[in-house]
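Below: the structure, in structure tokens.
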Amino acid sequence: MTTTVSMPSVSNEQLPMDQIQKRVTAEEWAVRTDLAATYRLVALYGWDDMIFTHLSARVPGPENHFLINPYGFLFDEITASSLVKIDLEGNVVLDNGHPVNSAGFTIHSAIHGASESAHAVMHCHSNDGVAVSCMQGGLLALSQTACVIHRDVAYHDYEGVALNPEEKARLIADMGDKHILILRNHGTLTVGSTVAECFLRLYYLERACTYQVKAMSGGELVLPAEEAVSSTAELGSIPGVIGQIGDLAWPALLRKLDRNNPGYSK
């Protein structure tokens, strides 16, 4: 169970959602559109958890503002204008009348505040992601997909619902320089320099978790040779590779979404 955070608004008026695009820059609207699309894609792939969990993206500019989902919306109905813009202290910067999940604010403000390169942060409670987060060995280098991200995974122990601001420092310390965090007994989290890069990491992570859960239910496992794991992980660790693949895949993902659940760019 999560609660609604009470956040003071620093805007002078509450704007109807059809007025939001007129009050933001073209750069911000592009990020809003990509993030709203990501919410719809997470729902399309079945990684959502009703109105819970959260994806965020930094608004272009020096103010350290970021966008997050309006609490109470299903992921498959989120739009660019319904996203809520807040600052690192939890103030609503552009009021569109929607509240924010307080646990979402705690986790996402911690990561956005700790790294200027953390432009997008995605956190899920998927069935297989949570299952792997409960396993003693965590994510195994079992499938090719898991091997690609093998060197980029960190772990954070469960401390209860993320409402305690003091947990922020421990979460950031556990994540270190990694881009993937498995929240023990809780779920999955990825970070990226763009929305597309962050989503691709989430895709790899969620697929790897699904492969592991299915493989472990089928009997004795066959693990790849260490040399194969190392060479695949090295490929996945090359700077920029995940981002390049993400950029390549993103237009195709938007086309898929336009066929299955259009309307995210409103």
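What follows draws every value from the coordinates through simple rules; no lab data is involved. Here the structure is a predicted model, which means the values were calculated and not measured. A quick note on method: Cβ atoms are made from the backbone with ideal geometry, for glycine too, and the neighbour counts reach across all protein chains shown.
Of the conditions (1) assigned to a loop (DSSP other than H, G, I, E, B); (2) of a type outside the set (Phe, Trp, Tyr); (3) out of contact with any Ser or Thr (no Cβ under 6 Å at 6 or more places or on another chain), PRO70 clears all except one; give me its number.
(3)
Cβ-Cβ below 6 Å, separation at least six or inter-chain, first residue in segment 42-65 and among the polar types (S, T, N, Q), second surrounded by fewer than 22 Cβ atoms within 10 Å (Cβ to Cβ): which pairs?
Once the first residue is among the polar types (S, T, N, Q) and sits in segment 42-65, its partners that are surrounded by fewer than 22 Cβ atoms within 10 Å (Cβ to Cβ) give THR53/HIS125; ASN64/LEU88.
Where in segment 135-239 are there strands (runs of 3 or more DSSP E), lying wholly inside it, with at least 1 residues that are out of contact with any Cys (no Cβ under 9 Å at 6 or more places or on another chain) and surrounded by 19 or more Cβ atoms within 10 Å (Cβ to Cβ)?
The qualifying strands (runs of 3 or more DSSP E) are 153-156, 180-183.
If you check ALA30 against the conditions, is it buried (at least 16 other Cβ atoms within 10 Å of the Cβ), closer than 24 Å to GLY240 by Cα and small (Gly, Ala, Ser)?
It is false that ALA30 is buried (at least 16 other Cβ atoms within 10 Å of the Cβ), closer than 24 Å to GLY240 by Cα and small (Gly, Ala, Ser).
For segment 45-100, give me the residue count where each residue is closer than 16 Å to HIS112 by Cα, crowded, with 23+ Cβ neighbours inside 10 Å and among the polar types (S, T, N, Q).
So the answer is 2.
Take the residues in segment 105-132 that are buried (at least 23 other Cβ atoms within 10 Å of the Cβ) and part of a helix (DSSP H, G or I), then tell me which one is farthest from the chain's Cα centre (by Cα).
Checking each candidate, the answer is VAL132.
Report whether or not HIS186 is in contact (Cβ under 8 Å) with a residue 12 or more places away in the chain, out of contact with any strand residue (DSSP E or B) (no Cβ under 7 Å at 6 or more places or on another chain) and not basic (Lys, Arg).
Here the answer is yes, as HIS186 does meet what is asked.
Go through (1) touching a residue at least 24 places away in the same chain (Cβ under 8 Å); (2) more than 30 Å from THR232 (Cα to Cα) and name the single condition GLU159 misses.
Condition not satisfied by GLU159: (1).
List every residue pair whose Cβ atoms lie under 7 Å apart, where the two residues are 6 or more positions apart in sequence or sit on different chains, the first residue falls within segment 221-243 and is more than 15 Å from THR145 (Cα to Cα), and the second residue, located anywhere, is outside any loop (DSSP other than H, G, I, E, B) and not polar (S, T, N, Q).
Final answer for the pair search is LEU221/ALA215; GLY243/GLU197.
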